[in-house]
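Please read the structure below before turning to the comments.
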Amino acid sequence: MHTIVVGLSIKRAPLEILEQLSVHHSQNELCVQDVKAAAGLAGAVVLSTCNRLEFYGVCEDADEGVARVRDFILGQGGAADAAPARQFRELLYAFTDGRAVRHLFEVVCGLDSLIVGETEIAGQVSRAYRASCKAGANDKMVNVWFQRALSLGKKVRSETRISRYSTSIGRIAVELAARELGGIADKRVLILGAGEMSELTMKYLVAQDVSVAMVSNRSLEKAQRLAGQYGFGACSLDEMDACLEQADVVFSATAAKSCLVGRERLAAIMERRAERPLLCIDMALPRDIDPAVRDIPNVSCYDINELRDVANRHQNERLRAAKTAAQLIDEAAADFERWQRSLEYIPTIDALYRQADRIKADKLERAMGKLSGLTPSQKQAVQCLATSIAHQLVHEPVASLNAMAGSEKSRAYAAMLQELFHLEPEEGPASAGMPARADAPAPAETGAGPGGALTGGSR
């Protein structure tokens, strides 16, 4: 059986196309059932995020599987509207076997993200996998593939701390304020601006348990709308001086063409603050706060250049961590490949265990006829002993066969076992990637969840 990935991402596809093809989480289960049936896959997972749409599958013929998944995507209404078929095919990428396995590992670990090491993707992959389980679209190989990927993601983030170093200017600004002030949960915060940067900053402030904050913006209505989402207050820029007089820290990120807070203006405000210190963090470009305010007693000020320096240092730290993560991915991919190769010998292994169980059962039946005086607990002890002996004898040749998986020696060894023990391996689910004695399948937890263009034809 082969693993495949077919998809497109923001790295090479226009955002408009991703928007048209996105699969809302409420439709994921339906979509994964449709692509599994349409492409003849043994198992499938559909991963749809704001930055990527990817179809993961397991099939007998890799080339045919990739072609059928491509056709499935091209056959959807959203794909037809998004771009001409030829152009659309060029946007799609496809990976098979080891490269497909490694791609999922890189995705879960955040190495394939726009921001190296971002954490959100791990949760998105987990939800996509659970949706496949709930829809009954998973198989043994999908289970092992995704379980190992998710486990690897946790290991990489734990051992490399790749996600420790933030590259978000808003988060860096909040962390800087917390470090400078010894925590900001009990501080009064003023946010100048009500745009995207201000909103991101507010989210990080909430994570720091800040409860007293004021949003000031040229448009009072916009400030009230943003502040209201987090239970904060709002005011217009005309009331900014009064807010500055009360604030402990100021985050500024407006689209103003010139400085909003000049040196003389802030100096006059500081005279009314009874020597209470004020921290200013200016995230705007052009700057909202005159750099000369640093000369005012009790005023500290950081601007976008300093924040970007921190972001660049953090990015370099993430890239160093990514090298270590890549080594862990290499090990995990090699381990998965060994497991995958071992599936070839599952029928032989199962046949060997069945042979041992038949011999055990036959000998136990004869022995029990001569041991009629045993109590039920004694009979159970004898049965357990017989099972243990039989399986222990089989264990060593099975372990040796698994250790040699994929080599010519292992094939010869498997043939020798079949001849020596007169085994008759059964071809079927085990040889097709459904081993009876490998990793256990994952439980189908809660479904994933919202629906987009790829919902299938008749459904």
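The values are calculated or read from the model by the stated rules, or taken from the named source; none is laboratory data. Quick caveat: nothing in here was measured; it's all calculated off a predicted structure. Backbone-built Cβ (ideal geometry, glycine too); neighbour counts: all protein chains shown. Heads up: the accessible areas ignore ligands, DNA and RNA and are worked out on the full protein's heavy atoms, side chains in. Shrake-Rupley method; radii C 1.70, N 1.55, O 1.52, S 1.80 Å.
Taking each DSSP H run with n ≥ 4 as -39500 (n - 2.57) and averaging over every residue of the chain yields -17500 deg cm²/dmol at 222 nm. Computed over the stretch 304-387, the P(r) curve from all C-alpha pair distances, binned at 5 Å from the origin, holds 3, 11, 10, 9, 8, 7, 7, 7, 6, 6, 6, 5, 5, 4, 4, 2, 1, 0 percent per bin.
When the alpha carbon gyration tensor of the stretch 241-303 is reduced to an equivalent ellipsoid, the three semi-axes, largest first, read 18, 11, 11 Å. Amide H contacts of Asp303: Asp282, each under 5 Å away and 5 or more positions distant or on a separate chain (H built 1.01 Å from N in the peptide plane; Pro and chain starts excluded). Working ranking of peptides 89-101, 386-398, 245-257 by packing, defined as the average number of other Cβ atoms within 10 Å per residue, highest first, is 245-257, 89-101, 386-398.
What number do you get for the stretch 3-111 when its Cα radius of gyration is normalised by 2.2 N^0.38 Å, N = residues?
Expressed relative to 2.2 N^0.38 Å, the Cα Rg reads 0.98.
For the stretch 202-261, the equivalent ellipsoid derived from the alpha-carbon gyration tensor has semi-axes of 18, 13, 11 Å in decreasing order. Principal axis analysis of the Cα atoms in the stretch 221-334 yields extents of 66, 35, 28 Å, listed in decreasing size.
How much of the accessible area of the chain, probe 1.4 Å, is carbon plus sulfur, in whole percent? The value for the chain is 49 percent carbon and sulfur by accessible area. Remark: the chain carries 49 Å² of accessible area per residue (probe radius 1.4 Å; ligands, DNA and RNA excluded).
Which entries of Lys11/Lys155; Lys11/Lys154; Lys134/Lys155; Lys134/Lys203; Lys134/Lys360; Lys154/Lys203 have Cα-Cα distances beyond 29 Å here? Lys134/Lys203; Lys134/Lys360, as the Cα separations exceed 29 Å there.
Applying the Kirkwood pairwise sum to the alpha-carbon positions of the stretch 73-199 produces a hydrodynamic radius of 18.3 angstrom. The calculated Kirkwood hydrodynamic radius for the stretch 160-250 is 13.3 Å, given to one decimal from all distinct C-alpha pairs. A Förster distance of 60 Å, applied to the separation of the beta-carbon atoms of Gln87 and Lys370, puts the FRET efficiency at 0.15. How big is the Kirkwood radius of the chain, worked out from every pair of different alpha carbons and given in Å to one decimal? This gives a value of 26.6 Å. Looking at the stretch 264-314, which trypsin sites (Lys or Arg not before Pro) are DSSP coil and have at most 12 other C-beta atoms within 10 Å of their C-beta? Within the stretch 264-314, the qualifying trypsin sites (Lys or Arg not before Pro) (loop, at most 12 other Cβ atoms within 10 Å) are Arg272.
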